[in-house]
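Asks: Here it is: the structure, laid out below.
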Amino acid sequence: MSILQCMDCARQYPITEVIYTCTDCGGLLDLVHDLDHMRGRITRETFDQRLGSLDSPYFSGVWRYKELIYPDVDEALIVTRPEGNTNLYRLPKLAQWAGVDRLYFKHEGENPTGSFKDRGMTGGVTQARVLGMKRVACASTGNTSASLAAYAAFAGLEGVVFFQNTQIAAGKLAQAIAYGATAIRIDADFDKNLELVREVSNKLGIYVLNSVNPFRLEGQKSIMFEAIQQLRWQVPDWIVVPGGNLGNSSAFGKGLVELHTLGLIDRLPRLAIIQAEGASPLYQAYQRGLDRLEPMKANTIATAIKIGNPVNYPKAVRALHATDGVVEQVSDQEIMDAKALIDATGVGCEPASACSLAGVRKLVDQGVIRQDEVVVGILTGHVLKDPEVIIDYHNNDLENITAHYPNRLYAAEASIEQLSRILTPENESLFA
Ligand SMILES: *Cc1c(COP(=O)(O)O)cnc(C)c1O
Ligand SMILES: [Zn+2]
C-alpha cells in the first residue's frame, strides 16, 4: 500500500485521511509507493505495451503509469477525460534561436482543458471520490480553476474556484464559468486566496485541490514519464520548466528519481526552473544558496506564474538537489518575444509557457546549457488561454514591452489593387 509521508519528519498517514500537510510539523506530504516491491516487475515494456490503448484507464497518459501514480486505487473510481498523450515537438528553428542542436517541446496545452493541470486534476478528483468528498475547491491564477471545474463536473461533484478579481486571462475565466463551477472573484492575490481556500475548505469539509495536494503532484509526474518514453527511454540532458507555485518542478523531481530507482532510466536529466523576474522568489533564494524562501509581491504579464509565495518551495529545492538543477529568471519582454516565436511555428502557447524557450536561450548564453546537449522544454498552457495579450503584443500596445517579432494585422478595402500591394513579398523571416 502507498502511504502519505511528511517530507520533513517522516511521520506517516494512511491515504484514506483527508490531510494536506503534517499535523506534527507542518511539512509537505509525499505519496510514497512501495518501489522495492515494484523493482523488476515494472519495466519499460509494462508501459510500452499500453501505448495506443483504447480503454480506460490506460488510454490516459497519466494512468498508463498507474503503478507509479496511485497503484492501489479502484479503477472504477478513476476520473479521466483522458489526459496526457501530448505531443513532443522537435522545433529546429527555435533550437537555432536558442543556440542548441536538439530542442524539443512537450505541449501540455494539448490536455483536455488546455494545460498540464489536467494531469494533476485527474489524480486529485479521483482521490476526492475515494474519500467520498462531495465538493472540491482551489485558488488559482486560472488554469487550475478551469481544470477543476471540468473534472468536478465530469465526476458529478461541485467545483468551487477562487481567483483574483483582476488580471485573469479570459480563456481561463470563461472555462471555469462554462463548466459550471461556483466561481468567486476575490479582491486578493493568488497567495492570499490560497490561504483563504485552505481555511474555508477545512471549516466546511471541502477537498482542496491546489498543488499542495500530493495526489495532484503524482499525476503531474507523468509529464516526465511520457516525455522520456516518447524519446524511447533516452534521457535528455535538460528539462526546462516554468516555475510558479513549483508543483510541476516538485513532481518532476519525484518522478525522475522514481524512474531512476526502478532502473527504467540510467541517469537523471538536470532540471532548469525558469521564473518571471517579477515573481521570482525561488530564483532569489537560489542566488543565496537556497537558504530560505522570502515571499514577494508578485507581478508579471505571465499570470499563470504570478505567485510570490510558492507553497511547494521545499519540494522544489529537493528536486533541484536531486537533479543538480538550476534556476533562472526572464523578463516579461523576453517572455513575450519567446512566445511570439513559439506561436509563429504554428505550435503556440500561453505567456508563462514561453519561459521555457526564453530560459533555454539565456542558459545557453551563460554557458550553463551546452550546444550539443539535448533539451526538453515544457509548454504548460494553450495559446488560446490568453488571447488579449496576443493582440496587444502584435499591435505593440503592451506597456513596457516592445514587440520584436510582430505579425502586423493589415486592413484593406475590397480592391484587388490594395490586396496585391499587401501580398507582394518583401517578407523577412522572423527567425533570421
Ligand atoms: C500552473 C501553471 C504554471 C506554473 O506551474 P507550477 O506547478 O505552479 O510551478 C505555469 N504555466 C501554466 C500555463 C500554468 O497553468
Ligand atoms: Zn512532519
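The values are calculated or read from the model by the stated rules, or taken from the named source; none is laboratory data. Computed from a predicted model, the values in this text were never measured in an experiment. Here the Cβ positions follow ideal geometry from the backbone for every residue, glycine too, while neighbour counts run over all protein chains shown.
Asks: May I ask you to list the residues in region 111-138 that are closer than 18 Å to residue 221 by Cβ and either small (Gly, Ala, Ser) or assigned to a helix (DSSP H, G or I) (or both)?
Replies: 115, 117, 118, 119, 120, 121, 122, 123, 124, 125, 126, 127 - these are the residues of region 111-138 that are closer than 18 Å to residue 221 by Cβ and either small (Gly, Ala, Ser) or assigned to a helix (DSSP H, G or I) (or both).
Asks: Let me ask something else about it. Within the bounds of region 285-292, is there any residue that is within 14 Å of ligand 1 (Cβ to nearest atom), touching a residue at least 24 places away in the same chain (Cβ under 8 Å), more than 16 Å from the chain's Cα centre (by Cα) and in a loop (DSSP other than H, G, I, E, B)?
Replies: For region 285-292, residues within 14 Å of ligand 1 (Cβ to nearest atom), touching a residue at least 24 places away in the same chain (Cβ under 8 Å), more than 16 Å from the chain's Cα centre (by Cα) and in a loop (DSSP other than H, G, I, E, B): absent.
Asks: Moving on. Enumerate the pairs (first residue in region 8-29 and in contact (Cβ under 8 Å) with a residue 60 or more places away in the chain and more than 7 Å from ligand 2 (Cβ to nearest atom); second residue anywhere and in a loop (DSSP other than H, G, I, E, B) and of a type in the set (Val, Ile, Thr)) with beta-carbon separation below 8 Å, excluding pairs fewer than 6 apart on the same chain, so at least 6 apart or on different chains.
Replies: As it stands, the answer is 20/212; 21/212; 28/212; 28/311; 29/19, since those pairs meet every condition given.
Asks: Is there a residue being of a type in the set (A, V, I, L, M, F, W, C), more than 28 Å from residue 358 (Cβ to Cβ), buried (at least 24 other Cβ atoms within 10 Å of the Cβ) and under 20 Å from the mean Cα position of the chain (by Cα) anywhere in region 94-115? Full working, then the answer.
Replies: We begin by selecting, within region 94-115, every residue of a type in the set (A, V, I, L, M, F, W, C); these are 94-95, 97-98, 100, 103, 105.
If we keep only those that are more than 28 Å from residue 358 (Cβ to Cβ) too, we end up with none.
No: region 94-115 contains no residue that is of a type in the set (A, V, I, L, M, F, W, C), more than 28 Å from residue 358 (Cβ to Cβ), buried (at least 24 other Cβ atoms within 10 Å of the Cβ) and under 20 Å from the mean Cα position of the chain (by Cα).
Asks: When residue 368 is evaluated against the numbered criteria (1) in contact with a strand residue (DSSP E or B) (Cβ under 7 Å, 6 or more places away or on another chain); (2) under 30 Å from residue 111 (Cα atoms); (3) not small (Gly, Ala, Ser), which criterion, by number, is the only one it fails?
Replies: (2)
Asks: Ok, one more. Does any residue of region 73-84 turn out to be closer than 25 Å to residue 382 by Cβ, within 16 Å of ligand 1 (Cβ to nearest atom), at pLDDT 95 or above and part of a helix (DSSP H, G or I)? Reasoning before the result, please.
Replies: Narrowing region 73-84 to residues closer than 25 Å to residue 382 by Cβ: 78-84.
So of that shortlist, the ones also within 16 Å of ligand 1 (Cβ to nearest atom) come out as 83-84.
Checking the rest, the ones that are also at pLDDT 95 or above come to 83-84.
From what's left, part of a helix (DSSP H, G or I): none.
Checking region 73-84: not a single residue is closer than 25 Å to residue 382 by Cβ, within 16 Å of ligand 1 (Cβ to nearest atom), at pLDDT 95 or above and part of a helix (DSSP H, G or I).
Asks: Note down all Cβ pairs under 8 Å where the first residue falls in region 251-270 and is under 22 Å from residue 124 (Cα atoms), the second is within 16 Å of ligand 2 (Cβ to nearest atom) and assigned to a helix (DSSP H, G or I), and they're at least six residues apart or on different chains.
Replies: Once the first residue is under 22 Å from residue 124 (Cα atoms) and sits in region 251-270, its partners that are within 16 Å of ligand 2 (Cβ to nearest atom) and assigned to a helix (DSSP H, G or I) give 253/315; 253/318; 254/315.
Asks: Return yes when residue 398 is outside any loop (DSSP other than H, G, I, E, B), away from ligand 2 (no atom under 16 Å from the Cβ) and either modelled with pLDDT under 95 or not charged (D, E, K, R) (or both) and no when it is not. Working first, answer last.
Replies: Values: outside any loop (DSSP other than H, G, I, E, B): no; away from ligand 2 (no atom under 16 Å from the Cβ): yes; either modelled with pLDDT under 95 or not charged (D, E, K, R) (or both): yes.
So residue 398 does not fit the description; no.
Asks: Out of (1) touching a Phe, Trp or Tyr at 6+ places or on another chain (Cβ under 9 Å); (2) assigned to a helix (DSSP H, G or I), what's the single condition that is false for residue 216?
Replies: All conditions are met except number (1).
Asks: Could you look through region 52-90, keep only residues that are under 22 Å from the mean Cα position of the chain (by Cα) and of a type in the set (A, V, I, L, M), and pick out the one that is nearest to residue 153 (Cα to Cα)?
Replies: 79
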